[in-house]
């Protein structure tokens, strides 16, 4: 399987396109000549890939900043360690809002390093207490 076909299959899955719809898309791209992407020309395969990438509902969404990912990761570690009951973004956000005097985490980027340290220290204390 060519690299381009692999990319098409990945984009198809990411966009949530079922196989029967995929075959219709292939036929549309090549004016009904075939319904399999292996039979498409390289240009047609590139067009199909672009079409699928454009259909992906998650395309263009911003990734979370690294420090925010770290905060949510530490929250998950606290949950796995048994220090918090609910492992969810919402629960983490609620906890952080209390430390930020009611400000939302997304509005307090300058405070993220402080929150990271608070969560790290909590995790260290909890693990030490479990080991004692």
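Table for the structure above
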{"read-out": "Qualifying residue in segment 53-68 (condition: touching a residue at least 40 places away in the same chain (Cβ under 8 Å), assigned to a helix (DSSP H, G or I), under 30 Å from residue 113 (Cα atoms) and touching a helix residue (DSSP H, G or I) at 6+ places or on another chain (Cβ under 7 Å))", "value": "yes"}
{"read-out": "Any pair with Cβ under 8 angstrom, 6 or more apart, that starts in segment 118-132 at a residue that is under 13 Å from residue 73 (Cα atoms) and ends at one that is assigned to a loop (DSSP other than H, G, I, E, B)", "value": "123/83"}
{"read-out": "Test set (1) modelled with pLDDT of 90 or more; (2) touching a helix residue (DSSP H, G or I) at 6+ places or on another chain (Cβ under 9 Å); (3) not assigned by TED's automatic domain parsing to the domain that holds residue 15 - residue 42 fails condition number", "value": "(3)"}
{"read-out": "First in segment 6-30 and under 15 Å from residue 41 (Cα atoms), second anywhere and in a helix (DSSP H, G or I) and modelled with pLDDT under 90, Cβ under 6 Å, 6 or more apart", "value": "8/37; 26/37"}
{"read-out": "Residue in segment 98-107 that is part of a helix (DSSP H, G or I), surrounded by 16 or more Cβ atoms within 10 Å (Cβ to Cβ) and at pLDDT below 90 present", "value": "yes"}
{"read-out": "Qualifying positions in segment 69-106 - touching a helix residue (DSSP H, G or I) at 6+ places or on another chain (Cβ under 8 Å) and on the phi > 0 side of the Ramachandran plot", "value": "82"}
{"read-out": "Qualifying positions in segment 24-39 - in contact with a helix residue (DSSP H, G or I) (Cβ under 9 Å, 6 or more places away or on another chain) and part of a helix (DSSP H, G or I)", "value": "25, 26, 28, 29, 37, 38, 39"}
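Conditions (1) within 21 Å of residue 5 (Cβ to Cβ); (2) surrounded by 13 or more Cβ atoms within 10 Å (Cβ to Cβ), marked per residue:
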position	(1), (2)
34	yes, yes
37	yes, yes
69	no, no
88	no, yes
94	no, no
124	no, no
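The values are calculated or read from the model by the stated rules, or taken from the named source; none is laboratory data. Keep in mind that what you see is a predicted model, and the values were worked out from it rather than measured. Reconstructed Cβ throughout: ideal geometry from the backbone, glycine too, with neighbour counts over all protein chains shown.
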